[in-house]
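Participant: Below is one structure. I have some questions about it.
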Amino acid sequence: MQDLAEIARALVAPGKGILAADESSGTIKSRFAAIGVESTEDNRRDYRELLFRTPGAADHISGVILYDETIRQKGADGTPLVDVLTGQGIRPGIKVDAGAKPLAGAAGELVTEGLDGLRERFAEYGRLGAQFSKWRAVITIGDGLPSGYCIETNAHALARYAALSQEAGIVPIVEPEVLMDGEHSIERCYEVTLATLREVFRQLARQRVRLDGMLLKPNMVLSGKGAADRAPAGEVARLTVRCFKEAVPAAVPGVVFLSGGQSDAEATVNLDAINRHAAEVGAPWELSFSYGRGLQAAPQKVWAGKRENVAAAQLAYHHRAKVTAAARQGAYSRAMELA
């Protein structure tokens, strides 16, 4: 069995990042509906298989987060999709949380469920080939929100999940997402993200989680999506790196940002700015990506459920992976979009 720290470092290897292909049944149904495709098991398999078989993707993608259905599926030729990935040197991961539900006693706030039976599920996922896992918690910014109760409850669940993942020999990706929904300022996002990360690492320490054998998947520090004057990439970079320096221990091998509702362009430009700023001021972690929509929006639109579009969709996915990997190195330019 590979060491947790070795797997974690491999997932954030220079020039590489993670594809999040773990959309729930409801989420992928809505995304397929937007391109006029019915969300059947075969269609979901065909779409994800075209991503996983994209030539050259392994040059930029270190791992793929799978959904429960996907980790059990076989490709059209009968090859398990897990083997399709590992055959290219891409590590399979698995989403293990059961989604966010209303938090009792906290109107408008959510807590992620899924801890019941998780030890047994980890044992099964390990047998199916999962090398890493992911659990997402969501924190909402609003009038009087978030509450300390919501932050603490979600941080505790994240830490319990991470401990069980490491017990099973599977690297946990801890994802506390401060949502960008709303009209809040970037300064308010900074305050909430800092408080959330501090509580997450306090809980991880209490649950005896090995920091060198985990990854953090946070939001960038951003203005709210509906803010009148949204902060530019340079300010996003400055406040994001500053926030992490205040809250994220140097022992953590890497940060894999979520795209979190940003457009392809915004997620790429911000990631590039963050890496450029981190290189200037010095940061102890690899700053990479774990994008879902930021890598998939373009290929989904090109594919549109048609077999004759598979090659073109693969080119679109490869392009997004290539330019995002460049941004992860602080080497992105808008000219790359025209290549």
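Participant: From the phi of every residue in the stretch 35-46, what ³J(HN,Hα) in whole Hz does the Karplus formula 6.51 cos²θ - 1.76 cosθ + 1.60 yield, where θ is phi - 60° and glycine or proline is x?
Facilitator: For the stretch 35-46, the Karplus-derived couplings read 10, x, 10, 6, 8, 9, 4, 5, 5, 5, 4, 4 Hz, x marking Gly and Pro.
Participant: Can you pull the one-decimal nm distance between simple spin-label points at Arg119 and Glu246, each 7 Å off the Cα toward Cβ?
Facilitator: Inter-label distance under the simple model: 3.8 nm.
Participant: May I pose another question? With a 1.4 Å probe and all protein chains left in place, how much accessible area per residue does the chain have, in Å²? Mind showing how you got there, number by number?
Facilitator: Values: 13680 Å² over 339 residues.
In whole numbers, the chain has 40 Å² accessible per residue.
Participant: Quick one: which residues, 5+ away or cross-chain, put their amide H under 5 Å from the amide H of Met220? H built at 1.01 Å from N.
Facilitator: Result for Met220 returns Leu258.
Participant: Run the dipole for the stretch 30-161 about the Cα centre, Lys and Arg Cβ at +1, Asp and Glu Cβ at -1, nothing else charged, and hand back the magnitude in debye, nearest 20.
Facilitator: The dipole of the stretch 30-161 has a size of about 280 debye.
Participant: On full extension of the chain, what length is gained from Ala335 through Asp181, given 0.36 nm per residue of separation minus the C-alpha to C-alpha distance?
Facilitator: Fully extending the segment from Ala335 to Asp181 adds 52.4 nm.
Participant: For semi-axes √(5λ) of the Cα gyration tensor in Å, the choices are (i) 32, 21, 20; (ii) 36, 24, 20; (iii) 28, 24, 20; which was calculated from the structure?
Facilitator: Step by step, semi-axes √(5λ) of the Cα gyration tensor in Å for this structure corresponds to label (iii).
Participant: Within the stretch 1-100, report the GluC sites (Glu not before Pro) that DSSP leaves as loop and that have at most 12 other Cβ atoms within 10 Å. Each step should come with its number before you reach the end.
Facilitator: Details: sites: Glu6, Glu23, Glu38, Glu41, Glu49, Glu69; in loops: Glu23, Glu38.
Here the sparse-neighbourhood loop sites are Glu38.
Participant: On full extension of the chain, what length is gained from Asp212 through Ala76, given 0.36 nm per residue of separation minus the C-alpha to C-alpha distance?
Facilitator: Values: separation 136, 0.36 × 136 = 48.96 nm, distance 3.78 nm.
Here the segment from Asp212 to Ala76 would lengthen by 45.2 nm.
Participant: Please report, as a whole percent, how much of the solvent-accessible surface of the chain comes from carbon and sulfur atoms (probe radius 1.4 Å).
Facilitator: Details: 6810 of 13680 Å².
Looking at the chain in its full context, I get 50 percent from C and S.
Participant: Let me ask something else about it. Mean separation of Cα pairs under 8 Å and 6+ residues apart, divided by the residue count of the chain: what relative contact order is that in percent?
Facilitator: On the way: 668 pairs, mean separation 63.9, N = 339.
Reported as a whole number, the value is 19 percent.
Participant: Which of Gly89, Gly129, Gly26 moves most in a GNM of the chain, Cα contacts under 10 Å?
Facilitator: Gly26
Participant: List the aspartates and glutamates whose Cα lies under 16 Å from the Cα of Lys306, skipping any in the same chain that are fewer than 8 positions away.
Facilitator: Candidates past the 8-residue exclusion: Glu38, Glu41, Asp42, Asp46, Glu49.
Participant: For Val138, which sequence-distant residues (separation of 5 or more, or a different chain) have an amide H within less than 5 Å of its own amide H, given hydrogens modelled in the peptide plane?
Facilitator: Excluding prolines and chain starts, which carry no amide H, the hits are Thr112, Glu177.
Participant: The stretch 277-320: which trypsin sites (Lys or Arg not before Pro) are DSSP loop and have at most 13 other beta-carbon atoms within 10 angstrom?
Facilitator: Values: sites: Arg293, Lys301, Lys306, Arg307, Arg320; in loops: Lys306.
The qualifying sites are Lys306.
Participant: Another question about this same structure. Near Lys217, which lysines are there with a Cα under 21 Å away, not counting those fewer than 8 places off in the same chain?
Facilitator: Answer for Lys217, where 21 Å is the Cα cut-off: Lys16, Lys95, Lys101, Lys134, Lys225, Lys245, Lys322, listed by chain and number.
Participant: Whole-Hz ³J(HN,Hα) for each residue in the stretch 59-73, computed from phi via Karplus 6.51 cos²θ - 1.76 cosθ + 1.60 with θ = phi - 60°, x for glycine and proline: what do you get?
Facilitator: 5, 10, 10, 8, x, 10, 7, 9, 8, 3, 4, 5, 5, 9, 7
Participant: Given a Förster distance of 25 angstrom, what is the FRET efficiency for Ala312 paired with Thr86, based on the Cβ-Cβ distance and rounded to 0.05?
Facilitator: Details: r = 26 Å, r/R0 = 1.05.
Once the sixth-power term is evaluated, E becomes 0.45.
Participant: Same structure, new question: Please turn the phi angles of the stretch 191-200 into ³J(HN,Hα) values with the Karplus equation 6.51 cos²θ - 1.76 cosθ + 1.60 (θ = phi - 60°), one per residue in order, whole Hz, x for glycine and proline.
Facilitator: For the stretch 191-200, the Karplus curve yields 4, 6, 5, 4, 4, 5, 5, 4, 6, 4 Hz.
Participant: What distance in nm lies between label points placed 7 Å from Cα along the C-beta direction at His319 and Ser25?
Facilitator: 3.5
The values are calculated or read from the model by the stated rules, or taken from the named source; none is laboratory data. The model shown is predicted, which means the values in this text are computed figures rather than measured ones. Here the Cβ is made from the backbone with ideal geometry for all residues, glycine too, and neighbour counts use every protein chain on show. Calculation scope for accessible area: heavy atoms of the full protein, side chains included, ligands and nucleic acids excluded. Shrake-Rupley method; radii C 1.70, N 1.55, O 1.52, S 1.80 Å.
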